[in-house]
Amino acid sequence: MVIQGILLGLALAMDAFSVSVVNGLNESGMSRRKTLCIPFTFAFFQFVMPLAGWFFVSRMTIVFQGIRPFIPWIAFIILLFIGGKMLLDSILKLKNGGVEEEYILGFVSLILQGIATSIDALSVGFTISDYRFQEAVLISFIIAIVTFILCLIGIVFGKMIGSRISHVAGIFGGIILISIGIKILT
């Protein structure tokens, strides 16, 4: 079960890892507190979403089946909005002054990123719906730990690169977020 949790965590955390790199790129001067808050937020949502999927499948299958087709679209719209805003702001700043200010990730944007990058983890609830509650919690906890570690690595990596390419980091980050949203749809 531990190996299954690690493998699920690796697969599910890839979007969160990519967004973490983008966050590091766009805010290379990020505080230590925020550097830890971002992976914690992503890990929290990666913990909650499989449990929510487990609950819906094991308790409310009919309701969940009704919203299931909309889940990728919700993630796409959130990432398109955040990435599009980042991209547009960065292009306008470069065009108007030639120097781009660092994009500072706010609380609401972080929560939206957490939801958007973990929405696919709801489907893990299908694969663990036969598990007892304690087993579902264990799998979700392992997924969260893997997500936290990968996202922390992603932020540090993004911060290192971001200081070198800060003049186009917002454009690059916006394109990545929009690309992740498109990938979720396909």
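Please treat every number below as a calculation from the coordinates, not as lab data. What you are looking at is a predicted structure, and each value in this text was computed from that prediction instead of being measured. Here Cβ is always computed from backbone atoms with ideal geometry, including for glycine, and neighbour counts include all displayed protein chains.
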Between a first residue in segment 1-30 that is closer than 17 Å to T117 by Cα and a second residue that is aromatic (F, W, Y), which pairs have beta carbons less than 6 Å apart while being 6 or more apart in sequence or on different chains?
A16/F42; V21/F157
By residue number, the members of segment 122-144 that are within 14 Å of the chain's Cα centre (by Cα) and either surrounded by fewer than 20 Cβ atoms within 10 Å (Cβ to Cβ) or without any contact (Cβ under 8 Å) to a residue 60 or more places away in the chain (or both) are none
Note on R32: of the conditions (1) touching a helix residue (DSSP H, G or I) at 6+ places or on another chain (Cβ under 6 Å); (2) more than 22 Å from L122 (Cα to Cα); (3) not hydrophobic (A, V, I, L, M, F, W, C), unmet is (1)
Taking the conditions exactly as written (assigned to a helix (DSSP H, G or I) and over 17 Å from A43 (Cβ atoms)), does L122 satisfy them or not?
no
Need the failing condition index for M86 against (1) touching a residue at least 24 places away in the same chain (Cβ under 8 Å); (2) assigned to a helix (DSSP H, G or I); (3) under 24 Å from R59 (Cβ atoms), just the number.
(3)
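Of all helices (runs of 4 or more DSSP H) completely enclosed by segment 1-83, which ones contain at least 3 residues that are of a type outside the set (K, R) and crowded, with 22+ Cβ neighbours inside 10 Å?
Working: elements: 2-26, 32-59, 61-67.
Of the helices (runs of 4 or more DSSP H) lying wholly inside segment 1-83, those with at least 3 residues that are of a type outside the set (K, R) and crowded, with 22+ Cβ neighbours inside 10 Å span 2-26, 32-59.
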Just to be sure, is G29 under 26 Å from M86 (Cβ atoms) and in contact with an Asp or Glu (Cβ under 8 Å, 6 or more places away or on another chain)?
yes
